[in-house]
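Step one of this worksheet: look at the structure below.
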Amino acid sequence: MIKAVIFDWAGTTIDYGSFAPVKAFIDGFALEGIKITSAMARKPMGLLKIDHTRAIASMLNKPIDEETILKVYQNFEEILFKDIENHCEVKEHVKEAVIALHQRGIKIGSTTGYTSQMMASVLPKAKANGYQPDFCVAPDEVGKGRPFPYMIWENMRHFNLSDPREVVKVGDTLADIAEAKSANCWSVGIILGSSELGYSKEEFEKLTPQEIDNEKERVRASFYQAGADYIIDDMSELLKVIDDINRKLKLNKSHKLLTPGPLTTKSAVKQAMLTDHCTWDDEYKNITKSVMSDITSLAANDDYATILLQGSGSYAVEAMLCSLIKDDEKMLLLVNGEYGKRMVQIAKDAKKNYMSLEFKETEAVDVMKVEELLKEHTDIKYLVLVHCETTTGIINPLEEVANLAKKYNKELLVDAMSSFGAYPIDMAALNISALASSANKCLEGLPGLAFVIAKKQLVEKSKGVSKSHSLDLYDQYLSLYEGGGKFRFTSPTNILLALRQALDEHKKEGGLIARSKRYQANHKTLVEGLSKLGIMPIIKEDIQSYIITTFLLGELDFNKLYHNLKNQGFIIYPGKLTKISTFRIGNIGNVYPSDMKALVDTFKANSL
Ligand SMILES: *Cc1c(COP(=O)(O)O)cnc(C)c1O
């Protein structure tokens, strides 16, 4: 929640239009025979006044020397000091805003472009006029003024705050916004009576409604361009802004997603999205290429290609089934959960030549039954298996199915969506033809990007197989590999940068082995902890993955459970079993055994 609001002085809380410095600058320059306009005087408003003087000097057609600048500044100071107390009237709605903020326990800080000497005149006068912030810092007290963040930091130090996102800076100049940005706190630009607007109250009241609209629009546009988080007319709107920021802060409160994708990701992964790139830029294409080769090397060798595809994981599964397998080639889909069923639906919709072999959803794929079927149906050319059935958390016997495929000379395709990156898969050794996965499971990237790793040989002979244009792996392969990392259509650039970072994080953690060990430790902590509370997993241990676990709901009410846990910062998953009431807890993502322990403790503390 917001803990402090830091106000600027002239133009924001006092001195409508910030006239004291403008007049002093115009007259200060005039004394040296130099004519400046009030627009020139206003442009650098908000800076420390000596910097402000230099900034005005740099706008002059004829340059002036340092000596003259110092003289102008001296004139400015003298004029300002004589006049400053006449410019301390408190702006409208400021007192009310201060009272309301104080009532909410929010501290009022302040920063300024005035020196502390100038503030010594301003502070008592403003107080006499009814406005007194809890703290005030001038640039000379911290060594540097705006746009540097030190005055805001000094306020934070005074108020004992460590998080700049709990701080709002309100100001009337572009320098105020820049100061807030460099401190990484929230920024609010105020339009009426601002230096940016540049009118005295009397001048402003003489404007026609149309002129007022135009002038406000001009100021809004400049605050917007400067990157203000909020733009308000006057202080009467400030409380609404604080409410809205608090709403956002609450929403951003970090909760742990214990769901198998999207999942909890590292902030470095999200931070990586902050630059914008374009699809065909060489630098970006090289990043794309590095992502492709890093993914390939997690499970395969140079005989394989990683074909990135926009979309969620299902897009990659569909692309794999429909653009690598010809319509007349028969595939056998092995089904023991929702994701197996989804493949059946894909094959059916695409009018593929397919058979499916269904198993109980609480049991693993049985290779003996698969073998029987293969003996019977010799026209089957492809075997398709879901490696980790995320529906239940069952890990299917990939190696045995691969051996079977070898024995009967079948091609093997795998949905390794929720296992890739955390279960060792050696595609070459297992002779897997293709595998589909996505950025947002064990790679701990963000949703929106999927991929198929496939034997180049297989891809290269699949020209024209796909009946879908956008899901055509062959075309995408040509573009990515021959086009040097070029997506065919708009690339999800930010998501790809996040995936690049996620792969770096994967490496940093110690690669696949380290990640799988962490997930195993998560899983163990979770299952042991909940079992002690009588909450039991339903899948037999020997076929249970360390990705996601299904628990019996028993007496528990899922909605209550969900909301209780959410309030404590944990998001869990409903069960997907058709016959038994269950819930699921994923332990992949940026979560650790300590998080699992905290979850178990939450169950305990709430007698859930
Ligand atoms: C997540 C997942 C998918 C893809 O689902 P999307 O909703 O498209 O991301 C496919 N198969 C398995 C096994 C999965 O876990």
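Observations, loosely collected:
- When nucleic acids and ligands are ignored and a 1.4 Å probe is applied, R104 ends up with an accessible area of around 110 Å².
- Nearby aspartates and glutamates by direct alpha-carbon distance to K348 (threshold 19 angstrom, same-chain neighbours under 8 apart not counted): E318, D327, D328, E329, E338, E358, D379, D415, D472
- Cross-link partners of K597 among lysines (Cα-Cα below 19 Å; sequence separation of 8 or more within a chain): K256, K517, K524, K532, K566
- Computed on the chain, with alpha-carbon pairs under 8 angstrom and 6+ residues apart, the relative contact order is 13 percent.
- Look at the Cα gyration tensor of the stretch 85-141: its axes a ≥ b ≥ c give a/c of at least 1.5 with a/b at or below b/c, and that counts as oblate.
- Probe 1.4 Å - accessible area at L47, Å² to nearest ten: 40 Å²
- The H on the amide N of K169, modeled in the peptide plane, is under 5 Å from the matching H of I6, W186, S187, V188, each at least 5 residues off or on a different chain.
- Across the protein chains, with a 1.4 Å probe defining accessible surface, the residues S222, S356 rank S356, S222 from largest area downward.
- Net length available on complete extension from S297 to Q103 is 64.0 nm, with 0.36 nm assigned per residue and the Cα-Cα distance removed.
- With every protein chain in place and a 1.4 angstrom probe, the accessible-area ranking of D276, D327, largest first, reads D276, D327.
- Cα gyration tensor category, rounded, prolate or oblate, for the stretch 336-393 with a/c compared to 1.5: oblate
- Each 10 Å bin from zero holds the following percent of Cα-Cα pairs in the stretch 466-608: 10, 30, 23, 21, 13, 2.
- Residues of the stretch 430-471 with an amide N closer than 18 Å to a point placed 7 Å from the Cα of Q345 along the Cα-to-Cβ direction: none.
- Selection from I572, I548, L192 lying farthest towards where the dipole of the chain points positive, charges on Cβ: I548
- Inter-part distance where the stretch 546-603 and the stretch 156-204 are each reduced to a Cα centre, Å: 44 Å
- The stretch 251-344 shape via C-alpha gyration tensor axes, a/c threshold 1.5: oblate
- Pairs with C-alpha atoms separated by more than 24 Å, drawn from the list K35/K82; K289/K508; K62/K206; K351/K461; K91/K248; K326/K456, are K62/K206; K91/K248.
- Excluding same-chain neighbours fewer than eight residues apart, the lysines reachable from K579 by a Cα-Cα span under 21 Å are K341, K360, K540, K560.
- Segment K289..K253, full-extension length gain: 9.5 nm, with 0.36 nm per residue of separation and the alpha-carbon distance subtracted.
- One quarter of the surface of the convex hull around the alpha-carbon atoms of the chain equals 34.4 nm², the direction-averaged projected area.
- Percent breakdown of C-alpha pair distances by 5 Å bin, ordered from the shortest bin, for the stretch 394-519: 2, 10, 16, 20, 20, 17, 11, 4, 1
- Contact order relative to length of the stretch 229-366, as percent, for alpha carbon pairs under 8 angstrom and 6 or more apart: 13 percent
- Order of exposure, largest accessible area first, which applies to Y73, Y315 with probe 1.4 Å: Y315, Y73
- Here the mean projected area of the convex hull built on the C-alpha positions of the stretch 189-257 is 5.9 nm².
- Restricting attention to the chain, close to 40% of DSSP beta bridges with both partner residues there are antiparallel.
The values are calculated or read from the model by the stated rules, or taken from the named source; none is laboratory data. Note that the coordinates shown come from a computational prediction; the quantities given were computed from them, not determined experimentally. Cβ sites come from the backbone with ideal geometry, for glycine too, and all protein chains shown count toward neighbours. To get the accessible areas, we keep the full protein, side chains included, count just its heavy atoms, and leave off ligands, DNA and RNA. Shrake-Rupley method; radii C 1.70, N 1.55, O 1.52, S 1.80 Å.
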